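The values are calculated or read from the model by the stated rules, or taken from the named source; none is laboratory data. Not measured: the values here are computed from a predicted model. Here Cβ is always computed from backbone atoms with ideal geometry, including for glycine, and neighbour counts include all displayed protein chains.
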Amino acid sequence: MTEEIRCIGCGTVIQTKDKEGIGYTPNSALEKGLETGDVYCQRCFRLRHYNDIQDVAITDKEFLALLNGIGDADALIVNVVDIFDFNGSLIPGLHRFVGSNPVLLVGNKVDILPKSLKKGKMTQWMKERAFEVGLRPTEVTLTSAKSKSDIEELLELIEEHRDGRDVYVVGVTNVGKSTLINAIINHSAGVKDLITTSQFPGTTLDKIEIPLEDGHFLIDTPGIIHRHQMAHYLGKKDLMLVSPKKEIKPKVYQLNAGQTLFLGGLARFDFIQGNKQGFITYVSNDLMIHRTKLETATEFYEKHAGGLLQPPRKNELGEFPELVRFEFSVKEKTDLVFAGLGWVTIPDAGVVAGWAPKGVDVIQRKSLI
């Protein structure tokens, strides 16, 4: 039996197979480390040399154990979600594990929202959705890891709510949690020296503890894989294509009843009944949208999925889930939200349907714009 090799930074067992998993290090780095006696996992190496935190995914069971520990702590919980994939980035059952600890709900990636969207409407919607799943955040805020002023405001908010306690930062994978923490580290010097970045003692298998100036810690936890994220079904190239990098530019499509829009090959919007109207799509600027007849849309999809309609690309991740249909009767200006992809604004009354990969939510909300 091969003897286990452990990272001297966090104590986790070193492995060279799973790049996304805990304890990963490339073979070349492992060989060099064994020669010098300093074997680090890639996560600890990048933290030690570049002050760079990388997100890693853990199993549901491991995450459950981590959440149980958070409930026993006296801390502020900062729950980072992706405002573009709110449903897909909620942690199932989080409210049962936080105990009496306050929760600061942080919507990341605000920089990609259209400027016409009022931030107050977005935070109110986030609060309502959180309440629906039993989470009672002390405050809801929006931020962007790309904006210094946003990071400084977030740090001040954390300082206000933590009340001299530790801070746990939690989130599912792909919400930008580690990018946000790296931005906090890089910008912390300007905010009352809240975080010292010179040393990172206490790095452990399941979390990274970043010392605060008062002896407490900002604790980065691994991300849990949410099975109902659109990102879960996409390869890296496609994920980059559908994840907006800059402000979304809305596109208007004049549709008659009996017409369909395909959002790449990932989702479908049917206009079933109602007067001709201009539907507005809010998705990544790089995602191709195709208009076709509703009566032949299914055949069109079967013929062109993975070709004309992409992403997803053929053979990149194996079998792509079937699209599941959700029908809605709309009475007023409404957003039809495709979790992890964006939304279509329906300006007037009518009957519509949204299709998304099995397990991915399609929901309606009162229009935010």
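Considering the stretch 85-110 alone, what residues qualify as being over 20 Å from the mean Cα position of the chain (by Cα) and either at pLDDT 90 or above or not in a loop (DSSP other than H, G, I, E, B) (or both)?
Correct list: R96, N101, P102.
Residue-by-condition table, conditions (1) modelled with pLDDT of 80 or more; (2) among the acidic types (D, E):
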position	(1), (2)
S147	yes, no
E152	yes, yes
E160	yes, yes
G164	yes, no
G171	yes, no
S178	no, no
N186	no, no
V191	no, no
F200	no, no
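Within the stretch 261-278, can you find the residues that are aromatic (F, W, Y) and more than 21 Å from A231 (Cβ to Cβ)?
F271
Within the stretch 7-28, can you find the residues that are loosely packed, with under 15 Cβ neighbours inside 10 Å, in contact with a Ser or Thr (Cβ under 7 Å, 6 or more places away or on another chain) and at pLDDT below 85?
Once the filter is applied, which keeps residues that are loosely packed, with under 15 Cβ neighbours inside 10 Å, in contact with a Ser or Thr (Cβ under 7 Å, 6 or more places away or on another chain) and at pLDDT below 85, the stretch 7-28 yields only G11.
Condition test on P357, is it surrounded by fewer than 17 Cβ atoms within 10 Å (Cβ to Cβ) and within 26 Å of the chain's Cα centre (by Cα)?
no
Quick test for you: out of V344, V337, V283, V351, pick the one residue that is over 18 Å from P114 (Cβ atoms) and among the β-branched types (V, I, T).
One residue alone meets the criteria, V351.
Condition test on F271, is it among the aromatic types (F, W, Y) and at pLDDT below 95?
Spelling it out, it is not the case that F271 is among the aromatic types (F, W, Y) and at pLDDT below 95.
Considering every residue within the stretch 125-137, establish whether at least one is modelled with pLDDT of 90 or more, surrounded by 19 or more Cβ atoms within 10 Å (Cβ to Cβ) and over 15 Å from V78 (Cβ atoms).
yes
Would you check which residues across the stretch 340-354 are within 18 Å of the chain's Cα centre (by Cα) and over 13 Å from F269 (Cα atoms) and list them?
Selection gives G340 alone.
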